[in-house]
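Written below as structure tokens is the structure these notes are about.
The values are calculated or read from the model by the stated rules, or taken from the named source; none is laboratory data. None of the values given here were measured: they were computed from a predicted structure. No Cβ is skipped: glycine too gets one built from the backbone with ideal geometry, and neighbour counts run over all protein chains shown. Please note that ligands, DNA and RNA were not included when accessible areas were found on the heavy atoms of the full protein model with its side chains. Shrake-Rupley method; radii C 1.70, N 1.55, O 1.52, S 1.80 Å.
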Protein chains: 4
Amino acid sequence: MTIKTMNSSKVLRNRDVKENRIIDAAEEVFAGVGFANAKMDEIADVVGMSKGSLYFYFDTKENLYMAVAYRAIQLLNKLLYQALDENKAEKGIHSVLALMDVFMNYSQRYILYSEAILDYMSLNRSSGQGRIKAKMTMAIKESVFWRKIQDIQNIPFNLVIAEIKRGKADGSIKSREKPELLYLIAWANVVGYMKLNSTGGQHETFHSIPITKWKKYHIEVARKLLESE
Amino acid sequence: MTIKTMNSSKVLRNRDVKENRIIDAAEEVFAGVGFANAKMDEIADVVGMSKGSLYFYFDTKENLYMAVAYRAIQLLNKLLYQALDENKAEKGIHSVLALMDVFMNYSQRYILYSEAILDYMSLNRSSGQGRIKAKMTMAIKESVFWRKIQDIQNIPFNLVIAEIKRGKADGSIKSREKPELLYLIAWANVVGYMKLNSTGGQHETFHSIPITKWKKYHIEVARKLLESE
Amino acid sequence: MTIKTMNSSKVLRNRDVKENRIIDAAEEVFAGVGFANAKMDEIADVVGMSKGSLYFYFDTKENLYMAVAYRAIQLLNKLLYQALDENKAEKGIHSVLALMDVFMNYSQRYILYSEAILDYMSLNRSSGQGRIKAKMTMAIKESVFWRKIQDIQNIPFNLVIAEIKRGKADGSIKSREKPELLYLIAWANVVGYMKLNSTGGQHETFHSIPITKWKKYHIEVARKLLESE
Amino acid sequence: MTIKTMNSSKVLRNRDVKENRIIDAAEEVFAGVGFANAKMDEIADVVGMSKGSLYFYFDTKENLYMAVAYRAIQLLNKLLYQALDENKAEKGIHSVLALMDVFMNYSQRYILYSEAILDYMSLNRSSGQGRIKAKMTMAIKESVFWRKIQDIQNIPFNLVIAEIKRGKADGSIKSREKPELLYLIAWANVVGYMKLNSTGGQHETFHSIPITKWKKYHIEVARKLLESE
DNA sequence: GATGAATGAGGTTTCATTCAT
DNA sequence: GATGAATGAAACCTCATTCAT
């Protein structure tokens, strides 16, 4: 490695460090007041940086949000891979349920991330109807982070599908439905759980049911679903 | 009935008519661009009314949104009651599944309403952390429609719980879990379905699975859940 | 005239009054620092009005500039018509030279107006090449004043052409060139004079020649041009 | 010549090369979007140089523009000298008309240059009224290129005046007006032509008159002007 | 009750210029 | 000499809400 590349890599890393500090701040602010009410001013304040510099790294508020979404999916993927790794010796059904568990823990712990992922999906599928939404969509879809996300967005889906297939193959999953359908039903559960969590805010119960118990039951349902023909 | 009250009731009705025309317009606009991007100007335009008058009837944009949410819950309740009525001769499980069916059809047809309900719940549970959110919450919670919703918000929950209990009583529901938990799992499903629908926008498939098939399967899962011990 | 229409016309006039006050202020500011450096803030200040109100009347800085341009052309037309009226008994050539005289006085007295007219022409002919220019062009061309100008922009041209033809008919103009060409040469003279005046700023001489003498000579040249075959 | 000076002259030449590359880029950008909309960033991009370096060579955007203006006048002078050289054997009037021809061709081919010259003149004569304009003027007038231009700005004027005098002397120019006045009238023509060209953008006709024909006529008028007493 | 006008506190983004390395 | 990063002062425009009539 020449000095040149060392320098350049150091520089790159430097930029990454700054970007990350900004994203940290953005997360803080977004989490506090929501994307719509977040002000670039405040984010800059939190980083301890001028607004101008902020825009040097992220040329749009939306882009900054997409950076958060990217982190969100990255983290999710990492956690899923971990779970996969820990369960590769087990039967498929075990693995699938472990993945669901990851999803649910994630959606409970990383509420901002969960919402970012949902928002990203929303944007991703919208063909841009309303004027404004259309404009925003345009701008976002040219951003760097948008593309970065594109590359990793399907990993969760693919992982789960693969494990369902493995479960079918090893006989631990008996349902005859298409893997995609099974995924969807699980995904809906997770999203519902997510949304209810994010809606619930800091509460620990919902209609007198403690959230912890709830999660356990969700997984049991999934098990039943997969095991029965 | 005196002339006085006749006049006043006519006046009241008059006011109601206006309010409803406004809410109609608001729905149109909210549905088109979302709450955040909706402009009071445009709503006034759609009603064919001055902005000043608009504010005579609704003193806040949020309040107007709550009026939409109120309608949303009203309609949902009405549909649920209907389903209940049609299934009162059947076993409890049948009735519960019918209610789920209503939820899902509703969330697919009335996307704006679904989101309004979710947003309302979000607001309802939030204790208001961020400055702005706090301010908004304050304002909203004093509004007329907020209180109106309070009175009917629990109806869906109560209806479903009652039918689950009935099902348990008549033996058609064998699960030993608490009705509230069963409700929650179903509710999560519905919310997930809702969110995915609203996210999906105008698409008819999701990962190659047609939405219609999806709904049917959701209900089957619920049936399995309720029937198995 | 009913009360209704009286009201409405009064209202209209009221709006016109305000608009005119705004345009007055805009002229002051534009003349002082040029269009590019003019700030809406300052214009609002000069009118004694909030920025918001300013935007109630003119939704774009460019549009406000077009309002100035509209005034400019209106005034020019008025002055041309006057000159025409005063010379209708005279031969055509006399009339044409009188019109030129109007142009030149105008460009010397109303520098801002002259520049506005030139800028308008620039915009009018540009098919929008550069990104920004294109964007601006779009916005402007939908403005009310843009259309208003469109209706009167050709009057100067038409008036002069008509008089040239009259001069040819009555024998006072002997040049055999097409009227349009004669117009163009005169127009170039005027524009040059305009530009030199606006460039010269407040100076009264240019390379030691007093501006007054200069104008007279310009007209003599035109006369020569028209009279010779 | 010592090594020292050799080095320094090589360095100087090096600097000149860089400066010229920068000016090349600046011309490209200015021509594309106009001075006001030109961004130093883009210019730096086009040169393939950092913005910091750009500012090492030109400490102001305006100064860079003046460099362009300097080039513009330099080129104009060169072309005028050429024409002069080609016509030194001819009578004065011939020469004067040839110079006019140069002016007109120039203003048609080098639109950016023409505008730069006009802007320079504008700045040169303005005593700086508006705050901003005043500030700009201050800064510019201390710049290197400003002074460089000062030295050559009068060449066109002087050349033409000299030829007019020659024409009067050799009898080919019969007009009894002062040479300065004759120059002015011609200059106004040229400026008008310039402005109309730059206004016209890419169009080839103006009110149905082809630009080529127009130029020829302009010169005929000038001839008439000079030949008649 | 209704209306058009007014308000003003932001909001995002831009960019010439400067600085530290 | 060169570079990328930093700065900050504006600039334009938005829009929920209020007010005078």
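Couple of notes before you dig in:
Residue-wise test of (1) modelled with pLDDT under 90; (2) within 16 Å of the chain's Cα centre (by Cα).
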{"residue": "C:M136", "(1), (2)": "yes, no"}
{"residue": "C:V144", "(1), (2)": "yes, no"}
{"residue": "C:A162", "(1), (2)": "no, no"}
{"residue": "C:R166", "(1), (2)": "no, no"}
{"residue": "C:S172", "(1), (2)": "no, no"}
{"residue": "C:W187", "(1), (2)": "yes, yes"}
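- Filter result for D:I173 (more than 25 Å from C:N197 (Cβ to Cβ) and surrounded by 17 or more Cβ atoms within 10 Å (Cβ to Cβ)): yes
- Each residue in region A:156-202 was checked for being within 9 Å of another protein chain (Cβ to nearest Cβ), of a type in the set (D, E) and in a helix (DSSP H, G or I), and 1 of them qualify.
- D:I140 being farther than 19 Å from D:K78 by Cα, open to solvent by less than 10 Å² (accessible area, probe 1.4 Å), more than 9 Å from chain C (Cβ to nearest Cβ) and at pLDDT 85 or above: no
- Flag for C:I23 being at pLDDT 95 or above and within 16 Å of DNA strand E (Cβ to nearest atom): yes
- Qualifying positions in region A:42-58 - of a type outside the set (A, V, I, L, M) and over 16 Å from A:V68 (Cα atoms): A:E42, A:D45, A:G48, A:S50, A:K51, A:G52, A:S53, A:F56
- Residue count for region C:46-80, restricted to those that are within 21 Å of C:N14 (Cα to Cα), away from DNA strand F (no atom under 15 Å from the Cβ) and of a type in the set (A, V, I, L, M, F, W, C): 0
- Taking the criterion of being closer than 15 Å to D:F145 by Cα, surrounded by fewer than 17 Cβ atoms within 10 Å (Cβ to Cβ) and touching a residue at least 24 places away in the same chain (Cβ under 8 Å), the only residue of region D:16-33 that qualifies is D:E19.
- The one condition from (1) under 16 Å from C:M100 (Cα atoms); (2) open to solvent by less than 10 Å² (accessible area, probe 1.4 Å) that C:I149 does not meet is (1).
- Among residues of region C:34-45 being more than 7 Å from DNA strand F (Cβ to nearest atom), under 17 Å from C:L112 (Cβ atoms) and crowded, with 18+ Cβ neighbours inside 10 Å, the one that is farthest from the other protein chains (Cβ to nearest Cβ) is C:I43.
- Pairs with Cβ under 9 Å, 6+ apart, first in region D:50-74 and assigned to a loop (DSSP other than H, G, I, E, B), second of a type in the set (D, E): D:F58/D:E19
- Number of residues in region C:27-49 that are outside any helix (DSSP H, G or I), within 12 Å of DNA strand E (Cβ to nearest atom) and of a type outside the set (D, E, K, R) equals 2.
- In region B:68-78, the residues that are of a type in the set (A, V, I, L, M) and surrounded by 16 or more Cβ atoms within 10 Å (Cβ to Cβ): B:V68, B:A69, B:A72, B:I73, B:L76
- In region C:103-116, the residues that are under 16 Å from C:D24 (Cα atoms) reach residues that are of a type in the set (A, V, I, L, M, F, W, C) and surrounded by fewer than 20 Cβ atoms within 10 Å (Cβ to Cβ) with C-beta atoms within less than 6 angstrom, at least six apart or across chains, in these pairs: C:L112/C:A31.
- In region C:161-188, the residues that are in contact (Cβ under 8 Å) with a residue 60 or more places away in the chain and of a type in the set (S, T, N, Q): C:S172
- Answer from A:Y55, A:Y65, A:Y81 - the residue that is among the aromatic types (F, W, Y), at pLDDT 90 or above and open to solvent by less than 60 Å² (accessible area, probe 1.4 Å): A:Y65
- Condition check for A:A89: away from DNA strand E (no atom under 14 Å from the Cβ) and either open to solvent by 80 Å² or more (accessible area, probe 1.4 Å) or at pLDDT 95 or above (or both): yes
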